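Reviewing the structure listed below.
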Amino acid sequence: LALLLGLAAVAALVWTDRLCQRAADGRIFRSPTAVPANDVALVLGTSKLMANGRTNLHFTQRITAAAKLYNAGKVRHLLVSGDNHIASYDEPTDMREALMAAGVPESAITCDYAGFRTLDSVMRANSVFGLHQFTIVTEEFHCPRAVWIARQRGLEAIAFAAPDLQSKRWTWRVKAREIAARAWCAVDLYVLHRQPKFPGPY
């Protein structure tokens, strides 16, 4: 029985991973010259600093990619979505300040303070900010899941991928974590039909 359960779990992980990849096929772009233009880009949040106080390179990668997309004229506005569940932790404000430091005008940036998860950020882009078509900005490994969520909810989304960090230790750890996240995402989308924690303004 344990063997059968183990095989079933592996099969489920493989199936959800392929389902995610198929949903994003042809919708992920890596060059500003190749990505189609959209009015708005949704920049997915992460913490500015790691637990040890060092700069979070995931944050840096996403900010760099978002600024590059804006400066290339491929979007006119950036919606930065992240976690701000307590006063001392504010991903959207950190992203806005970093983007302004990179040359993006404040008037071209809107903050979503209730992007607690990828699902929340993507769905709130539509339910709160009225977006149906937009470009998602995040790292390569994260793009397929974000696009999958958008497409499953009937939204026209593409992604501009920031390069993944280059480290064997990082690569295997993140790949394993992302495969698990995709499996749980399938449960959210097809079984629980989960909604954002705050589907309306926050």
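For this structure, a couple of remarks:
- The Cα atoms of the range 57-131 cover 30, 28, 21 Å along the three principal axes, with the biggest extent listed first.
- Amide H contacts under 5 Å for ILE109: LEU78, restricted to partners 5 or more places along the chain or on a different chain, H placed in the peptide plane at 1.01 Å from N.
- Within the chain: Cβ-based charge dipole about Cα centre, in debye rounded to nearest 20 (Lys, Arg +1; Asp, Glu -1): 540
- Between helix 91-101 and the chain: long-axis angle, C-alpha atoms, 0 to 90°, nearest 10: 40
- Top positive-direction residue, dipole computed over the chain with Cβ charges, set ALA9, LEU189, ALA162: ALA9
- Residue with peak Gaussian network fluctuation, the chain [Cα springs, cutoff 10 Å], from GLY53, GLY154, GLY73: GLY53
- Heavy-atom SASA rank of MET100, MET123 (probe 1.4 Å, accessible area, largest first): MET100, MET123
- Rounded, prolate or oblate (a/c below 1.5 giving rounded, otherwise prolate when a/b exceeds b/c) for the range 1-52 by Cα gyration tensor: oblate
- Here the Karplus relation 6.51 cos²θ - 1.76 cosθ + 1.60, evaluated at θ = phi - 60°, turns the backbone of the range 48-61 into coupling constants of 6, 10, 7, 4, 7, x, 7, 5, 7, 5, 5, 4, 4, 4 Hz, with x for every Gly and Pro.
- Counted over all Cα-Cα pairs of the range 113-191, pairs farther apart than 19 Å make up 39 percent.
- Area of CYS111 that stays accessible when all protein chains are in place (1.4 Å probe, Å², to 10): 20
- When the chain is treated as a GNM with alpha-carbon contacts under 10 Å, the residue of LEU192, LEU44, LEU119 showing the greatest mean-square fluctuation is LEU192.
- Cα-derived Rg over Rh, computed across the range 11-83 with Rh taken as Kirkwood radius: 1.06
- Along the axis of the charge dipole computed for the chain (Cβ charges of +1 for Lys and Arg, -1 for Asp and Glu, origin at the Cα centre), the listed residues ALA146, ALA23, GLY130 are led at the positive end by ALA23.
- Other-chain or far-sequence residues with amide H under 5 Å of GLY45's (modelled H): SER81
- Where MET95, MET50 fall by accessible area, highest first, once all protein chains stay in place (1.4 Å): MET50, MET95
- Within the chain, helix-based [θ] at 222 nm, where runs of 4 or more DSSP H residues each add -39,500 (n - 2.57), nearest 500: -14000 deg cm²/dmol
- Accessible area per residue in Å² at 1.4 Å probe, computed on the chain: 52
The values are calculated or read from the model by the stated rules, or taken from the named source; none is laboratory data. Since the model is a prediction, treat every value here as computed from it, not as a measurement. Cβ: placed from backbone, ideal geometry, glycine included. Neighbour counts: every protein chain shown. The protein model used for the area step is the full one, side chains on, heavy atoms only, and it has no ligands, DNA or RNA in it. Shrake-Rupley method; radii C 1.70, N 1.55, O 1.52, S 1.80 Å.
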